[in-house]
1. Identify all residues within the stretch 45-75 that are more than 19 Å from the chain's Cα centre (by Cα) and modelled with pLDDT of 80 or more; write none if there are none.
2. Pull up the stretch 9-52, narrow it to residues that are exposed (fewer than 10 other Cβ atoms within 10 Å of the Cβ) and β-branched (Val, Ile, Thr), then point me to the one that is nearest to residue 66 (Cα to Cα).
3. Using beta carbons and a limit of 8 Å, which pairs, at least six apart or on different chains, have the first residue in the stretch 31-51 and part of a helix (DSSP H, G or I) and the second one of a type outside the set (Ser, Thr, Tyr)?
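The values are calculated or read from the model by the stated rules, or taken from the named source; none is laboratory data. From a predicted model like this one, the values you see are computed outputs, not experimental measurements. For neighbour counting, all protein chains shown are included, and Cβ atoms are generated from backbone atoms with ideal geometry for every residue, glycine included.
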Amino acid sequence: MGTLALGIAASTAIFSLADAVVLAPLPYENPQARVMIWNRWRGFDKTWTNPAEARAWTQRCPSLAEVAYWQVDRA
């Protein structure tokens with residue numbers, strides 16, 4: 001009986017996590033119109049961006065309504 005209860009509890013926990021992370025709608029409007037742009041350097045498929053590049057995308061790509069970027073720095 002305990003094994004059955006443990007199995008049901010584990011299944012419920014996994015489904016709850018999957019529902020919250022994978023199945024829940026994104027927290028902003030029109031998610032299908034959003035894109036993610038990565039830089040690519042020799043030897044690195046995905047790298048960070050910098051403020052100058054974000055400004056250039058804003059100025060040179062009128063089809064982009066807004067541009068946001070993030071960067072991870074070392075302390």
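1. In the first step, residues of the stretch 45-75 are kept if they are more than 19 Å from the chain's Cα centre (by Cα); the result is 51-53, 55-63, 74-75.
Matches in the stretch 45-75: 51, 52, 53, 55, 56, 57, 58, 59, 60, 61, 62, 63.
2. My answer is 35.
3. That search, which allows pairs on different chains as well, returns 31/25.
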